[in-house]
Amino acid sequence: MTVERRKLEHIEIISTQDVAHNYNYWDDIDIIQKSMPEVDYDEIDTSTTFLGRKLKLPILISSMTGGHPDTKKINENLARGAAESGIAMGVGSERAAIQNKAVGDSYSIVAEYDVPFRIANVGAPQLIRQKRDALTDSDIDYAVGLVKANALAVHFNFVQELSQPEGDRNSKGIKRRVGELSKKYKVIPKETGAGFSMQDAMEFKQLGVAAIDVGGRSGTSFAAVESVRSRNREDSVKEQIGRTFWNWGIPSPISLVLANVELPLIASGGVRTGLDVFRGIAMGATLGGLASTFLKAALQSDKEVSKLISQLETELKSAMLLTGCSKLSDVKKVRRIYRGRLIEWMNQI
């Protein structure tokens, strides 16, 4: 199967089937509110700076798609919304364009809009030799240039690869490559549903990365996505592997705590609302990243993307007013109550 076709299958499955982890840990974070907040809603400042670039909102349209002609409009709808609202945006894995330049415009369309922070994207498994040759430095240069990126995401998805019929399984040598790339680009390691540990974060810092996108358990399970793909192909072994690891990983809020090594953090994995973005910032993140929520909007129109961003902004500002926060730095000081399964994790890390 071509990479291009696999891209479409992922979109179809994520947008039409329940492939989420079975528990969203963001719901286990309660916030202590203020009945007399002494804040004017219209004066609330939601702007932030991320890796030297100013954003109007602390929101990232997380890396999702590209690589098939049908995905060009999705990325265009997302880019238009990101440019209009002043938020960051990443693109999906660019391996498809590296292998087939004909689909490059499904990514490069993002560079045609004034998105204040654009993130290129390559997979960690593809940085080293698998059954095929590793991506070269010129391949990476092409991926970054294709979207005129301000940073390079290196996504870690070994849970998915192991569940995937055509998955890559070698991980030896990735640390060296991440370190090499970090000397040239602002590298952002990004998990894709399993979260990073404290050891991961400390090693990333030593390698010189610019920020960390935790991508923890709480949202889309790519083991589940691959389980569905395998079922459709009547591959019962891979289908069961995907089911076995459906809920594998470190919960997103826990990964935020573990990955706090004095680098900018992106809270992602199960983030659905402006309140979840607020929760992520309260726990130390600079940005909140959303993927499937934006995908569903972008499949409809650019207007739906803009509508969603407006909704997220309203929810974020509402949470800020209700806690007496006039700026984002205040959010990190709000009192939080942890409960449910999250407190079980908190008590043991």
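The values are calculated or read from the model by the stated rules, or taken from the named source; none is laboratory data. Remember, predicted model here, so these are calculated numbers, not experimental data. Because the Cβ atoms are built from the backbone with ideal geometry, glycine has one as well, and the counts that use them run over all protein chains shown.
Here are some notes:
- Qualifying position, being under 16 Å from the mean Cα position of the chain (by Cα) and more than 30 Å from Val237 (Cβ to Cβ), among Leu146, Leu152: Leu152
- Residues located in segment 1-59, provided they are in a loop (DSSP other than H, G, I, E, B) and aromatic (Phe, Trp, Tyr): Tyr23
- Elements of type helices (runs of 4 or more DSSP H) in segment 270-336, at least 2 residues being under 23 Å from Asp18 (Cβ atoms) and at pLDDT 95 or above: 274-282, 292-298, 302-322
- Candidates are the residues of segment 10-67 that are aliphatic (A, V, I, L, M) and loosely packed, with under 13 Cβ neighbours inside 10 Å; the one that is nearest to the chain's Cα centre (by Cα) is Ile32.
Here's the yes/no breakdown for (1) under 23 Å from Ala211 (Cα atoms); (2) over 22 Å from the mean Cα position of the chain (by Cα); (3) surrounded by 15 or more Cβ atoms within 10 Å (Cβ to Cβ):
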{"residue": "Leu295", "(1), (2), (3)": "no, no, yes"}
{"residue": "Gln300", "(1), (2), (3)": "no, no, no"}
{"residue": "Glu304", "(1), (2), (3)": "no, no, yes"}
{"residue": "Lys307", "(1), (2), (3)": "no, no, no"}
{"residue": "Thr314", "(1), (2), (3)": "no, no, no"}
{"residue": "Met320", "(1), (2), (3)": "no, yes, yes"}
{"residue": "Ser326", "(1), (2), (3)": "no, yes, yes"}
{"residue": "Glu344", "(1), (2), (3)": "no, yes, no"}
{"residue": "Gln348", "(1), (2), (3)": "no, yes, no"}
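- Residues of segment 131-162 satisfying the condition of being part of a helix (DSSP H, G or I), more than 24 Å from Asp200 (Cβ to Cβ), touching a strand residue (DSSP E or B) at 6+ places or on another chain (Cβ under 9 Å) and among the charged types (D, E, K, R): Asp139
- Restricting segment 148-169 to residues that are small (Gly, Ala, Ser) and more than 26 Å from Ala88 (Cα to Cα), the residue that is modelled with the lowest pLDDT is Gly167.
- When Ile98, Ile74 are checked against the criterion of being more than 19 Å from the chain's Cα centre (by Cα), assigned to a helix (DSSP H, G or I) and under 26 Å from Ile140 (Cβ atoms), Ile98 stands alone in meeting it.
- Scanning segment 156-173 for residues that are over 20 Å from the mean Cα position of the chain (by Cα), of a type outside the set (Gly, Ala, Ser) and under 20 Å from Ile140 (Cα atoms) yields Asp168, Asn170, Lys172.
- Tally, over segment 163-179, of residues that are in contact with an Asp or Glu (Cβ under 8 Å, 6 or more places away or on another chain), surrounded by fewer than 19 Cβ atoms within 10 Å (Cβ to Cβ) and part of a helix (DSSP H, G or I): 1
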